Amino acid sequence: MKNFLFGLLVLCLTFTGTTNNSFAQGSFQLAVLKYNGGGDYYANPSALPNLIEFCNQQLGTKMTKDVPYVEAGSPDLFNYPLIHMTGHGNVVFSGQEAANLRKYLQSGGFLHIDDNYGMDQFIRVELKKIFPNNQLVELPFNHPIFHQKYNFNGLPKIHEHDGKRPQAFGIIDNGRLVVLYTFETDLSDGWEDQPVHNDPQEKRQQALQMGANIVMYAFME
């Protein structure tokens, strides 16, 4: 898969020049990463459809709310410009899966990993399989991903978990942020249907707005 295929998707994006920085593009899908190891890759099933609906309303996107699960080693990965990954537990990538993910990301794809509590110790090891020579670095508050349509001083704190501060980590390859790992925030819980976690509306709005920033950044960079 070549960069120009993802470039075609980016060319579909058109800024309207309005003050809310809305943009429009042809219909496409986001997907959820299906991985091995026993972790619940299927957690938060209403999260991405709700984020897509929010983006369609607030950013002017035209994304379909049909969200497929795609296996880490599948060539179907290349059909989706942004892949979301979440879960609470173990993650294992085989050598072939790691190579496929690396090829996908170096071809212009973007991976957002949201620790749903319990994934951290596993995902850090598996990311080294994908990019053995790239460090997972914390993104500063002035990073553009925090300042798309919505301005944030770092990640919003949606769920308490261990009470640690929320952190955004990234892997940068050839000058481009290809992996965003959000830790101690639980953005995707905030994207879920309100009755699932009974989060306050303010928290849900913060989560959705930060999610919209991620989508916007992934397509504009």
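The values are calculated or read from the model by the stated rules, or taken from the named source; none is laboratory data. Only a predicted model underlies this, so the values are computations on that prediction, with no experimental measurement involved. Counting neighbours? That spans all protein chains shown, and the Cβs are built from the backbone with ideal geometry, glycine included.
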Per-region count, the stretch 162-181, residues surrounded by 17 or more Cβ atoms within 10 Å (Cβ to Cβ) and either farther than 21 Å from residue 108 by Cβ or of a type in the set (A, V, I, L, M) (or both): 7
Among the residues of the stretch 196-213, is any among the small types (Gly, Ala, Ser), touching a Pro at 6+ places or on another chain (Cβ under 8 Å) and closer than 21 Å to residue 87 by Cβ? yes
Filtered residue count, the stretch 36-62, keeping only those that are closer than 14 Å to residue 193 by Cβ and not in a helix (DSSP H, G or I): 4
Output yes when any residue across the stretch 63-74 is of a type outside the set (D, E, K, R) and either more than 29 Å from residue 121 (Cα to Cα) or part of a helix (DSSP H, G or I) (or both), and no when none is. yes
Residues of the stretch 144-161 being farther than 19 Å from residue 186 by Cβ and either surrounded by 16 or more Cβ atoms within 10 Å (Cβ to Cβ) or polar (S, T, N, Q) (or both), which ones? 148, 149, 151
Have a look at 78, 6, 23 and point out the one that is over 30 Å from residue 194 (Cα atoms), crowded, with 16+ Cβ neighbours inside 10 Å, out of contact with any Asp or Glu (no Cβ under 9 Å at 6 or more places or on another chain) and modelled with pLDDT under 95. 6
Considering only residues that are touching a strand residue (DSSP E or B) at 6+ places or on another chain (Cβ under 8 Å) and surrounded by fewer than 23 Cβ atoms within 10 Å (Cβ to Cβ), look in the stretch 184-213 and name the one that is modelled with the highest pLDDT. 213
Given the conditions (1) buried (at least 20 other Cβ atoms within 10 Å of the Cβ); (2) closer than 23 Å to residue 39 by Cβ, which single one is not true for residue 108? (2)
For the condition over 25 Å from residue 72 (Cβ atoms), out of contact with any strand residue (DSSP E or B) (no Cβ under 6 Å at 6 or more places or on another chain) and assigned to a loop (DSSP other than H, G, I, E, B), what is the one hit in 118, 154, 108? 154
Before we move on, is residue 189 among the acidic types (Asp, Glu), under 23 Å from residue 50 (Cα atoms) and part of a strand (DSSP E or B)? no
Scan of the stretch 88-98 for residues that are part of a helix (DSSP H, G or I), surrounded by fewer than 19 Cβ atoms within 10 Å (Cβ to Cβ) and in contact (Cβ under 8 Å) with a residue 24 or more places away in the chain, ordered by number: 95
Taking first residues from the stretch 29-46 that are on the phi > 0 side of the Ramachandran plot and second residues anywhere that are at pLDDT 95 or above and surrounded by fewer than 21 Cβ atoms within 10 Å (Cβ to Cβ), the pairs with Cβ under 6 Å that are 6 or more apart or on different chains are 37/90; 37/92; 38/90
